[in-house]
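The values are calculated or read from the model by the stated rules, or taken from the named source; none is laboratory data. What you see is a predicted model; the values in this text were computed from it and never measured. Because the Cβ atoms are built from the backbone with ideal geometry, glycine has one as well, and the counts that use them run over all protein chains shown. Each accessible area value is taken on the protein alone, full model and side chains, heavy atoms only, with ligands, DNA and RNA left out. Shrake-Rupley method; radii C 1.70, N 1.55, O 1.52, S 1.80 Å.
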Amino acid sequence: MHGEHRYALTSTWTGNRGTGTSGYRDYSRDVTLEIDGKPALLASSDKPFRGDPERWNPEDLLVAALSECHLLSYLHACVQAGVVVTSYVDEATGLLREDGKGSAQFEEVVLHPRVTVADASMIEAAEAAHKTAHEWCFIARSVNFPVMHEATVSVG
């Protein structure tokens, strides 16, 4: 697979309460994210930043992108290694640290995949496939902070 892949979406601010950004507390942080042919995603800033806690925020989306990218890369790595995955659940966490100057940045994301494989003979290869998946994950390769894995593999 060679070449370029471009991605496009539309972000529309929907938080004008009638006076626009006349003051910091006078508008909501609501946003609608849209891509042709996909359901719209309702987003906002995180609650500590005056956002709607019922909507996805950029920090959620970044952790989700890392988790899903690893999952998809991992499934591919398992197929190539002859590992039959029957279940995969990740409870990913991210640490964002504020700098005290009005900004912040992610310091790390930790993925906690719980993988079930079809046979005990596949456990070692299933564990090793996480390293391969990490090397293949486009999103993890694109961020400037560590993405770690605390995986468990069982038979079921």
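Using DSSP to define loop residues, name the trypsin sites (Lys or Arg not before Pro) in segment 1-38 whose beta-carbon has at most 16 other beta-carbon atoms within 10 Å. Present the calculation step by step, with values, prior to reporting the outcome.
Values: sites: Arg6, Arg17, Arg25, Arg29; in loops: Arg6, Arg17, Arg25, Arg29.
In loop regions of segment 1-38 (DSSP not H, G, I, E or B), the sparsely surrounded trypsin sites (Lys or Arg not before Pro) are Arg6, Arg17, Arg25.
Defining a contact as two alpha carbons under 8 Å apart and six or more residues distant in sequence, what relative contact order in percent does the chain show?
Working: 268 pairs, mean separation 27.4, N = 156.
About 18 percent, as a whole number.
Where the centre of each part is set by its Cα atoms, how far does segment 4-22 sit from segment 82-156, in angstrom?
Each part reduced to its Cα centre gives a spacing of 31 Å.
Tell me, what is the percent relative contact order of segment 16-91, built from C-alpha pairs under 8 Å that lie six or more residues apart? Don't jump to the answer; show the numbers that get you there.
Numbers: 67 pairs, mean separation 11.9, N = 76.
The value is 16 percent.
What are the ³J(HN,Hα) couplings of segment 84-91, residue after residue, when phi is run through the Karplus curve with 6.51, -1.76, 1.60 and θ = phi - 60°? Round to Hz, x for glycine and proline.
Values, residue by residue: 9, 8, 10, 7, 8, 9, 10, 10 Hz.
Under unit Cβ charges (Lys, Arg +1; Asp, Glu -1), what dipole magnitude, rounded to 20 debye, does segment 35-108 have relative to its Cα centre?
120
For the chain, with every protein chain kept in place, what is the accessible area per residue (1.4 Å probe, Å²)? Please list the in-between numbers first.
On the way: 10360 Å² over 156 residues.
On a per-residue basis, the chain sits at 66 Å².
With a cut-off of at most 11 other beta carbons within 10 Å, and DSSP calling the residue loop, which chymotrypsin sites (Phe, Trp or Tyr not before Pro) in segment 63-156 qualify? Please list them. It would help to have the intermediate numbers written out before the result.
Values: sites: Tyr74, Tyr88, Phe106, Trp136, Phe138; in loops: Phe138.
When the chymotrypsin sites (Phe, Trp or Tyr not before Pro) of segment 63-156 are filtered for loop state and at most 11 Cβ neighbours within 10 Å, Phe138 remain.
Mind checking the full-extension length gain between Gln80 and His2? Use 0.36 nm per residue of separation minus the Cα-Cα distance, one decimal, nm. Could you put the intermediate results ahead of the total?
Working: separation 78, 0.36 × 78 = 28.08 nm, distance 1.95 nm.
Here the segment from Gln80 to His2 would lengthen by 26.1 nm.
Out of Ala81, Ala133, Ala43, any idea which swings most in a Gaussian network model of the chain, alpha carbons joined below 10 Å?
Ala81
From the residues Ala8, Leu111, Ala92, which one has its Cα farthest along the dipole of the chain in the positive direction, the dipole being from +1 and -1 charges on Cβ of Lys/Arg and Asp/Glu about the Cα centre?
Among Ala8, Leu111, Ala92, the one farthest towards the positive end of the dipole of the chain is Ala8.
Taking the Cα centre of the chain as the origin, how large is its charge dipole in debye, to the nearest 20, when only Lys and Arg (+1) and Asp and Glu (-1) carry charge on their Cβ atoms? Walk me through the numbers before you get to the answer.
On the way: 13 positive and 22 negative charges, 91 e Å.
My answer is approximately 440 debye.
Which residues' amide hydrogens lie under 5 Å from the amide hydrogen of Asn57, considering only partners 5 or more residues apart or on another chain, with H built in the peptide plane?
HN-HN under 5 Å from Asn57: Ser44.
Using the Karplus curve 6.51 cos²θ - 1.76 cosθ + 1.60 with θ = phi - 60°, work out ³J(HN,Hα) for each residue of segment 100-116 in order, rounded to whole Hz, and write x for Gly and Pro.
x, 10, x, 10, 7, 7, 6, 9, 6, 10, 10, 8, 10, x, 10, 10, 10
If you take mean projected area of the Cα convex hull in nm² from the coordinates, which of (i) 10.0; (ii) 9.0; (iii) 11.9 do you get?
Among (i) 10.0; (ii) 9.0; (iii) 11.9, the one calculated here is (iii).
Which one, Val79, Ala129, Asn144, is farthest towards the positive end of the dipole of the chain when Lys and Arg carry +1 and Asp and Glu -1 on their Cβ?
Working it through, the farthest residue towards the positive pole turns out to be Asn144.
Dipole of segment 90-139, Cα-centred, from +1 at each Lys and Arg C-beta and -1 at each Asp and Glu C-beta, to the nearest 20 debye?
Values: 4 positive and 10 negative charges, 26 e Å.
Result for segment 90-139 is approximately 120 debye, rounded to the nearest 20.
Check which residues have an amide H placed less than 5 Å from Val117's amide H, if you skip close sequence neighbours.
Thr86, Ser154, Val155, Gly156
Give the carbon-plus-sulfur fraction of the accessible surface of the chain in %, rounded to a whole number; probe 1.4 Å, heavy atoms of protein chains only.
On the way: 5400 of 10360 Å².
Heavy-atom surface of the chain belonging to carbon and sulfur, 1.4 Å probe: 52 percent.
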